[in-house]
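The structure appears below as structure tokens.
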């Protein structure tokens, strides 16, 4: 490859990165508890996230490498699919959480972020309420093994761990 | 270069995708590093990082690569052939003189690499060409009898694509040649890295794939199918096929302009004229003439010449397609590219069934499910004329934007919120039953069990599942009974597949099932995934064929229901394992969609597991039976099942509560159907069917199972089972006392064995035929005298991706002991350690075909900080020869994306 082509390619990549660079702001303080609560945003959800254990799990993701590894896991080995594209995360201000329900016997199980009052922080721990959906007992469901998950983005705040509860208040997973 | 940022350089090549993303992110971090708060850190300066890079098992490097720093031993002739172990993953480089990067062989050329190897019968040799746009590499195989004749190879693969593959006909010592073809029209091309793979994966290579030109494939010697590009037609000249063929020294035998023509080679004199016209005899710039193959066998000679002409035709701008005139014989094997991953079809003896029938278009299978992606390229044209129906009444479940029920059974997905991915369960089920399948070359995606039949898509499942009422309506529609749609199909379905379950017994549903069964419809349902014997419905209704699930070893899947209602079993898969070593999970592979981005991507496939996947195997086989014997009734199917005539008996002899009457056997099923259609037409042709066809214990497995069944009807007895290795033991596990058919346990004992690779054969002799199962195992982490070549171990600044230090050197007993001194952690730096080879000497490691590794692994590279451990940083390097190199995905070509530039100053060990 000629230097010219290499230079052009480098410039092209740099241009792609300009929005990220422009987004850089002077270092800000982490949000304090008295500030508004950290925003929670769902990034991705699926019923097929590749977990082979039946137990739920929660993965705290605070760098880009971990995120890539998690995406690789949850996207699985689909032939012909496009790489998963997610909104950019600024790990200086955000973390990601991968919440996994564990392997389930059928479809119809999902984890969802549907409430607005879903996050509380006490004593350095964030308590996040999610919809832990399972099919009604008498529902007709597809007889395919599933492993639901939900990938979330959270603003950093005065917490160092996260606990996941369902709407009934049952603790499902913690970091 | 030290201290500078790495270049981000898109160009051809492949790198581990995860590592690529990590490095891209590292680069991003570097650009954004000015935003970061670099707090003061009193971490020590001058730290030492050390560790050992070990070579992945079976890794071998070509001994004469372009990198002048690497050790050199010529392997340019058969006499110089480099000895390599089996199995092996070898990274190499060849180039025609004057092509490629500056380095050891740029000027003089390194056109041929020869390797000496001992091969087992039926092993595959795969050459992955790193960049086939710069180097058209070919693969030749010679039996090593001490007098190698380079003009007369025993087998050759001279395609024009990204891979060349050969299959070994018989065990013995061989010479493998990798050869750089030089296109006379593109004299600057003729170089590439490559990865040569032997025996590691049990690849079931699909014949006649695009670009493939293999001498031993069955094709008519001297005949070529050609289609010329229409835009190059000179209409004013009024060229006829005859004149057009004559202009190439060929003879037109059939066909016409603007469609495929059948052309023929002439006699020896005419062939030489054709060679001259096509430039085959042109001299290369290094005065090396293109190879002329000569054999004393006239037919073999003609086949060699045919391939030679085809390869030359493919280089011409006016040729759209050129290929052999293949001879197709029973037994039919699909040529769809992903068929080789559908282990679940040979497991039920399906290829044998396709010899009898691939399905009739007047047979309809209703798929009562989540709907189907009607525009999936593997399902277009596979639907019944009525078009199906959407019976979901609840809009919250349906989410198709069309209130209530409607006549559009297209599946809009079942994700609960945007940003996720839907299952497209019904599409997967429909694909298993009747995905479009090609038996005559080409094809897309996957194969279906009964590709000739039609699917009636009926949508009843959406977000969170569905309701019994909607399913009730769909069943009535399929049966041609009045229903809420107000319509009935012009032709009712012959088979109903229900890959769903839930809810209690309902008498009305039982009555409906009894009614439509009495009317001749066969109903197949998934037994359920709750690993319980509690009856699940609809599978447990009287009159429904309840299907449990087995894995690739014909063991009941861990999730499968069992119990008194089970009638039969079929492949449901276990996606957590890869027993056959094809690089894919052992789930059931079929059609799906991907709606995780904008819209729905349709040409997508994945492995799912469950009794949902088992049921459509049975439904497809019933459809094949119905195609052969139109008077097939549910009672007939029941009778054939209970008699054991259409199953492979598993578990307790006869019926048992795990497998029912046994594993459905498609060949037996269509044979019995043919016998019913024409009594006396189907003589018994028993044959021994052994699966898996090969066993790969790697260096971890100690016990695997082998299944031996009668592939057809008639009496068959296993008379002996022998192996030829002291470390191998074959034990009867669940075997019929009379026939000795059944399940055998194969164990290996590595005690006392030296590090290395071991092969053996298990020979099973039956009253009909003899089957040999090759076995391979490895002892120790590395093979005999193997390593991953001359490595460049780089210390990268994890914050900005720049190369900080480099260790370079050759292996000592397969290991590379590296050390980085004076590593600066004073400003809170983090580091990554990456290693790789540079066979093409472009100063960039980890290109396609080059070895690559990262601490801890490529999948999970770990940053090293001041307070982390700084010694014992051990990891593995090896050649990346996985599926990513085979480019089965729809991407047009490989991209390296990130260049990991090695440093010019190298330390020596």
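The values are calculated or read from the model by the stated rules, or taken from the named source; none is laboratory data. Note that the structure is a prediction, hence the values are computed from the model and not measured. Here Cβ is always computed from backbone atoms with ideal geometry, including for glycine, and neighbour counts include all displayed protein chains.
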Hey, can you tell me all the residues within the stretch B:160-196 that are assigned to a loop (DSSP other than H, G, I, E, B), more than 20 Å from residue B:62 (Cβ to Cβ) and touching a residue at least 24 places away in the same chain (Cβ under 8 Å)? B:160, B:161, B:168, B:169, B:170, B:171, B:183, B:184, B:185, B:187, B:188
Would you check if residue B:602 is under 21 Å from residue B:341 (Cα atoms), touching a strand residue (DSSP E or B) at 6+ places or on another chain (Cβ under 8 Å) and surrounded by fewer than 24 Cβ atoms within 10 Å (Cβ to Cβ)? yes
If we ask which residues in the stretch B:457-486 are in contact (Cβ under 8 Å) with a residue 60 or more places away in the chain, within 14 Å of chain A (Cβ to nearest Cβ) and in contact with a helix residue (DSSP H, G or I) (Cβ under 9 Å, 6 or more places away or on another chain), their number turns out to be 13
What's the number of the condition residue A:4 fails, among (1) closer than 21 Å to residue A:154 by Cα; (2) more than 8 Å from every other protein chain (Cβ to nearest Cβ); (3) modelled with pLDDT under 75? (1)
Sort through A:112, A:126 and tell me the only one that's in contact (Cβ under 8 Å) with a residue 60 or more places away in the chain and more than 9 Å from every other protein chain (Cβ to nearest Cβ). A:126
By my count, strands (runs of 3 or more DSSP E) wholly in the stretch B:627-737 with at least 2 residues that are in contact with a strand residue (DSSP E or B) (Cβ under 9 Å, 6 or more places away or on another chain) and either crowded, with 23+ Cβ neighbours inside 10 Å or free of Cβ contacts under 8 Å to residues at least 40 places away in the same chain (or both) are B:703-710, B:728-735
Evaluate the following for residue B:338: is it more than 14 Å from every other protein chain (Cβ to nearest Cβ), modelled with pLDDT of 90 or more and more than 30 Å from residue B:272 (Cα to Cα)? no
Residue match in the stretch B:120-140 (condition: assigned to a strand (DSSP E or B), under 27 Å from residue B:776 (Cα atoms) and over 22 Å from the mean Cα position of the chain (by Cα)): yes
Only one residue in A:84, A:43 is under 10 Å from the mean Cα position of the chain (by Cα), at the interface with chain B (Cβ under 7 Å from one of its Cβ atoms) and surrounded by fewer than 21 Cβ atoms within 10 Å (Cβ to Cβ), so which one is that? A:43
State whether one or more residues within the stretch B:394-406 are buried (at least 23 other Cβ atoms within 10 Å of the Cβ), in contact with a strand residue (DSSP E or B) (Cβ under 6 Å, 6 or more places away or on another chain) and closer than 30 Å to residue B:646 by Cα. no
Among B:892, B:865, which is on the phi < 0 side of the Ramachandran plot and modelled with pLDDT under 85? B:892
